[in-house]
Amino acid sequence: MNGKAAHQGTHRVAIIGAGFGSLSAAQALTSAPAQITVIDRKNHHTFQPPR
């Protein structure tokens, strides 16, 4: 299966910035049939599991 077939029929949404408004928008879009990506220059919201 290629990447195109896996996401066929869905939209891709890129949210630039990870402020309160951006994260609220990302949460509001969780039920939408879309692939959501949040882009920020800082990594404050990056999940890094402990080793």
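The values are calculated or read from the model by the stated rules, or taken from the named source; none is laboratory data. These numbers were taken from a predicted model, which means no experiment stands behind them. For neighbour counting, all protein chains shown are included, and Cβ atoms are generated from backbone atoms with ideal geometry for every residue, glycine included.
Overview of values
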quantity	calculated
Long-range neighbours under 7 Å by Cβ, at least six apart or interchain, first residue under 13 Å from VAL13 (Cβ atoms) and touching a residue at least 12 places away in the same chain (Cβ under 8 Å) within the stretch 26-51, second of a type in the set (Asp, Glu) and assigned to a strand (DSSP E or B)	none
Residue check for ALA32: hydrophobic (A, V, I, L, M, F, W, C), more than 9 Å from the chain's Cα centre (by Cα) and part of a loop (DSSP other than H, G, I, E, B)	yes
Condition met for ILE15 (touching a strand residue (DSSP E or B) at 6+ places or on another chain (Cβ under 8 Å) and at pLDDT 95 or above)	yes
Selected residue (criterion: farthest from VAL38 (Cα to Cα)) from residues of the stretch 1-12 that are surrounded by 11 or more Cβ atoms within 10 Å (Cβ to Cβ) and modelled with pLDDT of 70 or more	THR10
Residues of the stretch 35-44 that turn out to be surrounded by 11 or more Cβ atoms within 10 Å (Cβ to Cβ) and outside any strand (DSSP E or B), as a count	1
